[in-house]
Amino acid sequence: MSRMASTRQSESQAPTLPADVISAITVLHNFVAASQQLPPQVIVTCRDERRAFGRHALQAMSYRKAVDLFIQRFATKEDWWISEFRYKPEVSIYARFYRTHGEEDEGMVLLDERGWSELVGNAVKLTIVFTSLKFSVTAQSSAG
């Protein structure tokens, strides 16, 4: 028997799965694929306010642009030092990650400016914290 005939024979003898098993495997595959995908929104909180932002929109902007956006959306008059034309408030951004890989990335983690797009791509929630310069200057001057 030639090698080609032997190959065809072994292919025709391959076991076939029943249609209901194939259907169940397809449903399971689709469920796992969907559960691995992140939602399109990222929930951003600041104080008692919550807003939804588009994940792709946040990933497309730089960290600095995101900080400016969060200042525009969430900052109050008390967050500015002197006036809104001078000294923007300092902003810290914390994230809760969708997929964690150990205790170091569980809970809220302070985000670094470098790698913003990658980090926000795995974030399910961001928390914005404003730290005003006037509070640290006042605290230092009263302590002395």
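What pairs can you find where one residue is in region 42-60 and at positive phi, the other is among the hydrophobic types (A, V, I, L, M, F, W, C) and surrounded by 15 or more Cβ atoms within 10 Å (Cβ to Cβ), and their Cβ atoms are less than 8 Å apart, with a gap of 6+ or different chains?
Qualifying pairs under 8 Å: 47/74.
Among the residues in region 68-90, are any hydrophobic (A, V, I, L, M, F, W, C), within 26 Å of residue 130 (Cα to Cα), touching an Asp or Glu at 6+ places or on another chain (Cβ under 9 Å) and at pLDDT 90 or above?
Within region 68-90, one or more residues are hydrophobic (A, V, I, L, M, F, W, C), within 26 Å of residue 130 (Cα to Cα), touching an Asp or Glu at 6+ places or on another chain (Cβ under 9 Å) and at pLDDT 90 or above.
Among the residues of region 106-133, write down those that are assigned to a helix (DSSP H, G or I) and without any contact (Cβ under 8 Å) to a residue 12 or more places away in the chain.
118
The values are calculated or read from the model by the stated rules, or taken from the named source; none is laboratory data. Bear in mind the structure is a predicted one, so any value in this text is a computation, not a measurement. Neighbour counts are summed over all protein chains in view; Cβ atoms, including those assigned to glycine, are modelled from backbone coordinates with ideal geometry.
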